[in-house]
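Visitor: Pasting a structure here, questions to come.
The values are calculated or read from the model by the stated rules, or taken from the named source; none is laboratory data. Predicted model only: the values in this text are computed from it and were never measured. Reconstructed Cβ throughout: ideal geometry from the backbone, glycine too, with neighbour counts over all protein chains shown.
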Amino acid sequence: MQRYLPYLLALATLGYLTLATSPAPEGHLTVADEQALLQQVFQSLGQPQRGDNVARPVDGASAELGEKIILEGLGINGKRQSKHFVCTSCHNVVKEDPNLLKADPEARLDYAIKNDLPFLAGTTLYGAVNRTSYYNGDYEKKYGDLVKPARKDLRAAIQLCATECAQGEPLSAAEMESVVGYLQQIGLKMGDLDLSDDEFTRVNDALAEGDKDQSVINLLKGKFLPYSPATFVLPPEDRKTGYPVKGDAAIGAELYDRSCLHCHENQRYSFYNLNHNPDSYEHLLKHFSRYTRYSTYQVSRYGTSPIPGKKAYMPHYTEERMSNRQIESLRDFLNEALSK
């Protein structure tokens, strides 16, 4: 635990460990449409405001700067936060699950195909302010005690992602509040929830009457997962035969485009280059069943360590982010592509 003390003290000094509540966003709603932010609806219904998911007034902070940090990796004065990654290397910033109550990679890929989205290892940042827990499940196995301050505090989770996941510089106070401000803008909206007409009316009746009915708050909370589950899984016992599930080459082709090429095409975020050519397919397929850093079984379930002298690495996919069937589908795609 002692080796984490400097990290914890830095968070506390900058105010990233939130022990008290912060001022809530301004504006009391008396009616909500589908575009209304859920965070503001909760506030208007009298839900106590958390201290960690509302931006604080800090000189130089703005949601516009937060958007630039997340989408481009550029902080104050245009300085790169990380030499290796940006937030969107691993995270979408839009809704990515058709059902907010399920972390289903098969349904998520279908949604990604329909909406032309990447299929990434990290949970979308859309709705992050509405979650109450971060670095869940098995991530404690990877980051140890570092997840303890991050699990229940959004700012601490952001800082852990910036320094450990992105292998970059800690965010300054202004940069942190900028990111939190931008995340507030991309919080869940009422239209994202699977509300019936009667349920929507019930919410608006409570807003119009200034009713602090906890049952209405609970109704809304029951429409989405307040955390992103994370289960670490192993490669197949026999890598030659693979997982005992049937793949689909068409699904594999989508995964190749939306997962593999997102990072590896023309070395976008990686030292390993992939493209739509036989050399890429052949190299991946040759190593699929091997115990090497190029084995898809290996890297999808374990990730990779940085190569000597570099900090860039590949994060792994949890069970909730990529299924065994999807990995077999990728293998089927490579076989089919090389057989043509």
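Visitor: Please name all residue pairs, on different chains or six or more residues apart, with Cβ atoms under 8 Å, provided the first residue is in segment 321-339 and is in a helix (DSSP H, G or I) and the second residue is surrounded by fewer than 22 Cβ atoms within 10 Å (Cβ to Cβ) and of a type in the set (D, E, K, R).
Guide: R325/E106; R325/K246; R325/D248; Q326/E106; E328/K246; S329/D248; D332/D248; L338/E282
Visitor: Hey, can you tell me all the residues within segment 64-118 that are surrounded by fewer than 17 Cβ atoms within 10 Å (Cβ to Cβ) and polar (S, T, N, Q)?
Guide: N77, N99, N115
Visitor: Going by the structure shown, is L29 touching a residue at least 60 places away in the same chain (Cβ under 8 Å), assigned to a helix (DSSP H, G or I), of a type outside the set (F, W, Y) and farther than 22 Å from A150 by Cα?
Guide: no
Visitor: Return yes or no: is L117 modelled with pLDDT of 95 or more and within 25 Å of Q49 (Cα to Cα)?
Guide: no
Visitor: Check whether at least one residue in segment 270-287 is under 25 Å from the mean Cα position of the chain (by Cα), crowded, with 17+ Cβ neighbours inside 10 Å and under 23 Å from V93 (Cβ atoms), and report yes or no.
Guide: Yes: one or more hits.
Visitor: Any idea which of (1) free of Cβ contacts under 8 Å to residues at least 40 places away in the same chain; (2) within 27 Å of L71 (Cβ to Cβ); (3) surrounded by 15 or more Cβ atoms within 10 Å (Cβ to Cβ) is the one Y317 doesn't satisfy?
Guide: Failed condition: (1).
Visitor: Of everything in segment 188-215, what is hydrophobic (A, V, I, L, M, F, W, C) and either at pLDDT below 95 or outside any loop (DSSP other than H, G, I, E, B) (or both)? Give them in sequence order.
Guide: Taking segment 188-215 and keeping what is hydrophobic (A, V, I, L, M, F, W, C), we get 188, 190, 193, 195, 200, 203, 206-208.
Residues satisfying the conditions are M190, F200, V203, A206, L207, A208.
Visitor: I'd like the full set of residues that are part of a loop (DSSP other than H, G, I, E, B) and closer than 20 Å to K340 by Cβ, limited to segment 250-309.
Guide: Across segment 250-309, the qualifying residues are N275, H276, N277.
Visitor: Please state which one of E175, E199, E237, E209 is charged (D, E, K, R) and buried (at least 20 other Cβ atoms within 10 Å of the Cβ).
Guide: E175
Visitor: A further question follows. If you take the residues in segment 212-234 that are among the hydrophobic types (A, V, I, L, M, F, W, C) and more than 20 Å from D194 (Cβ to Cβ), which one is surrounded by the most Cβ atoms within 10 Å (Cβ to Cβ)?
Guide: Applying the filter and picking the extreme gives A230.
Visitor: Taking A166 as the residue in question, decide whether it is within 18 Å of C87 (Cβ to Cβ), buried (at least 17 other Cβ atoms within 10 Å of the Cβ) and under 14 Å from the mean Cα position of the chain (by Cα). Write out each step before concluding.
Guide: Values: within 18 Å of C87 (Cβ to Cβ): yes; buried (at least 17 other Cβ atoms within 10 Å of the Cβ): yes; under 14 Å from the mean Cα position of the chain (by Cα): yes.
Here the answer is yes, as A166 does meet what is asked.
Visitor: Taking the conditions exactly as written (of a type outside the set (S, T, N, Q), over 27 Å from T88 (Cα atoms), at pLDDT 95 or above and not in a helix (DSSP H, G or I)), does D59 satisfy them or not?
Guide: no
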